[in-house]
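Participant: Here's a structure for you.
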Amino acid sequence: MRVLLIGSGAREHALAYSLKSDASVTELHVAPGNPGISELATVHSVTADDPQSVATLAQNIKAELVIIGPEAPLVAGVADAVRAIGIPCFGPSKEAAQLEGSKSFAKEIMASAGVPTAQSMTCVTQEEIERALDTFGAPYVVKNDGLAAGKGVVVTSDRTAALTHALACGKVVIEEYLDGPEISLFGISDGSTVIGMEPAQDFKRVFDGDEGPNTGGMGAYSPLPWAPADIISRTEKEVLIPTIKAMAERGTPFIGLLYAGLAMTSRGIRVIEFNARFGDPETEVLLPRLQTPLAQLLLAAATEKLAAHPPLQWSKKEAVTIVLASEGYPENPRVGRAVTGINEHNDVIIFHAGTVVEADQLHSAGGRVLAVTGLGDDLTTARENGYRALSQISLLGSHYRKDIALTASIAQKEA
Ligand code: AMP
Ligand code: GLY
């Protein structure tokens, strides 16, 4: 089948890598793509969040399946435009993407579906905001209602800082603080059937020991040796299935990737957030372990045939992804510097995030530059493989976390 993938980051590089290894894929097209992706696929330029521009490209290349990577095109209605011309699309409609696009909408759906999440209040006025802050108390959790590219959430014990952020947002969701480890668990949905993938954990803070500001994600690992054995079936039952059912019942079926960010609290699973697309860097750590042919899986979802799909098959190998970031990331990344030392290694895959080729030389072009995935029989070996490959890469001023999956790998060894 001819597949068109929309996006240009490390997540899309990982999707392209997996799609390429599915024998049913005869042509792989990616737009806008990046230098890493161009080694696997035919790259096209496109305005990714313009519905008409994507639909026209899909028609021109006679795509039989369109997969949309990032959230902005989904929220802009790109999936609707592709479906309108009769091409199967993996990615929710504009309305269904509101599960990610609006925190208050996500809360309404969870309330109607009985999905466990933090108690919350949606506020607009200062009076409402102050009442909510004082109802829940510190630590305060304040979330911009709309898409904010990872910058919308403030968790702080400083009431003034919480109030300042809330007032700057317009519409905000203020909620109860959830403790316990966080995991990401993805559901592949065709609108009525949903299949949970293995969980992953990502590392959001920029520095070792979870210090410094939040980022788009500095690394991830999977599987999670410490997670309960029934975590996938429990999440399907308590979160994914009721959410998909509620979305279908209100006439906005969710066809695509339902990303559940979960807190494993002492009182059980609680949803921290939904996203409407594959997570980054979780995709880079999960897909190299997925043995089920990806294009066939996503086509089954796009054509409402998931109920007949066999269970997902996972490699026994474990995986650790480490992100190489530019100097100054996340606040003020310096770009346009040479990247060298990307070598081939067994059990290592190097995904491009923000790169560009200039004068035949690879250069950095974004805050996150590469995502290096190491594989191995356990997390310790996977880490060694990933970090060894990373240590050979040179980019002036760059940095990466040294402690991705470290605690879990030590616990796994001791168990
Ligand atoms: P989000 O953009 O919703 O994923 O939030 C970003 C980060 O803020 C999450 O990964 C959590 O670490 C933290 N966070 C969000 N909501 C809560 C909450 N209710 N309790 C504790 N931490 C939270
Ligand atoms: N890993 C966080 C995200 O994709 O939003």
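Participant: Inside the stretch 96-115, can you point out the residues that are touching a residue at least 12 places away in the same chain (Cβ under 8 Å), surrounded by fewer than 16 Cβ atoms within 10 Å (Cβ to Cβ) and not polar (S, T, N, Q)?
Facilitator: GLY114
Participant: Hey, another quick one. Considering only residues that are more than 14 Å from ligand 2 (Cβ to nearest atom) and either within 17 Å of the chain's Cα centre (by Cα) or part of a helix (DSSP H, G or I) (or both), which ones fall in the stretch 207-218?
Facilitator: ASP208, GLY209, ASP210, listed by residue number.
Participant: Take ASP22 and tell me if it is in a loop (DSSP other than H, G, I, E, B) and in contact (Cβ under 8 Å) with a residue 60 or more places away in the chain.
Facilitator: Taking the combined requirement at face value, the residue satisfies it.
Participant: How about the stretch 45-64: which of its residues are in contact (Cβ under 8 Å) with a residue 40 or more places away in the chain and either acidic (Asp, Glu) or surrounded by fewer than 19 Cβ atoms within 10 Å (Cβ to Cβ) (or both)?
Facilitator: Answer for the stretch 45-64, where residues must be in contact (Cβ under 8 Å) with a residue 40 or more places away in the chain and either acidic (Asp, Glu) or surrounded by fewer than 19 Cβ atoms within 10 Å (Cβ to Cβ) (or both): ILE61, LYS62, GLU64.
Participant: Starting from the stretch 65-78, take each residue that is closer than 16 Å to ASP280 by Cα and list its partners that are assigned to a strand (DSSP E or B) and of a type outside the set (A, V, I, L, M, F, W, C), counting only C-beta distances under 7 angstrom and pairs at least six apart or across chains.
Facilitator: Taking only residues 6 or more apart or on different chains, the pairs are GLY69/GLY7; PRO70/GLY7; GLU71/ASN275.
Yes/no matrix, rows are residues, columns are (1) in contact (Cβ under 8 Å) with a residue 24 or more places away in the chain; (2) in a loop (DSSP other than H, G, I, E, B):
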position	(1), (2)
LEU312	yes, yes
THR321	yes, no
LEU324	yes, no
TYR329	yes, yes
ASN332	no, yes
VAL335	yes, yes
HIS345	yes, yes
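Participant: Condition first: within 16 Å of ligand 2 (Cβ to nearest atom) and part of a strand (DSSP E or B). Now tell me which residues in the stretch 131-153 satisfy that.
Facilitator: Residues satisfying the conditions are LYS143, ASN144, VAL153.
Participant: Quick test for you: out of GLY137, GLY114, GLY146, pick the one residue that is out of contact with any His (no Cβ under 9 Å at 6 or more places or on another chain), within 16 Å of ligand 1 (Cβ to nearest atom) and at positive phi.
Facilitator: None of the others qualify; the one that does is GLY137.
Participant: Ok, one more. Among the residues that make up the stretch 165-184, is at least one of them of a type in the set (A, V, I, L, M, F, W, C) and without any contact (Cβ under 8 Å) to a residue 40 or more places away in the chain?
Facilitator: Yes, that holds for at least one residue.
Participant: If MET218 satisfies every condition in (1) touching a Pro at 6+ places or on another chain (Cβ under 7 Å); (2) at pLDDT 95 or above but one, which is the exception?
Facilitator: If we test MET218 against (1) touching a Pro at 6+ places or on another chain (Cβ under 7 Å); (2) at pLDDT 95 or above, just (1) comes out false.
Participant: Also, quick follow-up: Condition check: aliphatic (A, V, I, L, M), in a strand (DSSP E or B) and out of contact with any Lys or Arg (no Cβ under 7 Å at 6 or more places or on another chain). Does ILE195 satisfy that?
Facilitator: yes
Participant: Let me ask something else. Based on this model, can you work out whether PRO288 counts as in a loop (DSSP other than H, G, I, E, B) and more than 16 Å from ligand 1 (Cβ to nearest atom)?
Facilitator: Considered against the rule, which asks whether it is in a loop (DSSP other than H, G, I, E, B) and more than 16 Å from ligand 1 (Cβ to nearest atom), PRO288 comes out as no.
The values are calculated or read from the model by the stated rules, or taken from the named source; none is laboratory data. Just so it is clear, the model here is predicted, and its values are computed rather than measured. When we count neighbours, we look across all protein chains shown, and the Cβ atoms used for this are built from the backbone with ideal geometry, even at glycine.
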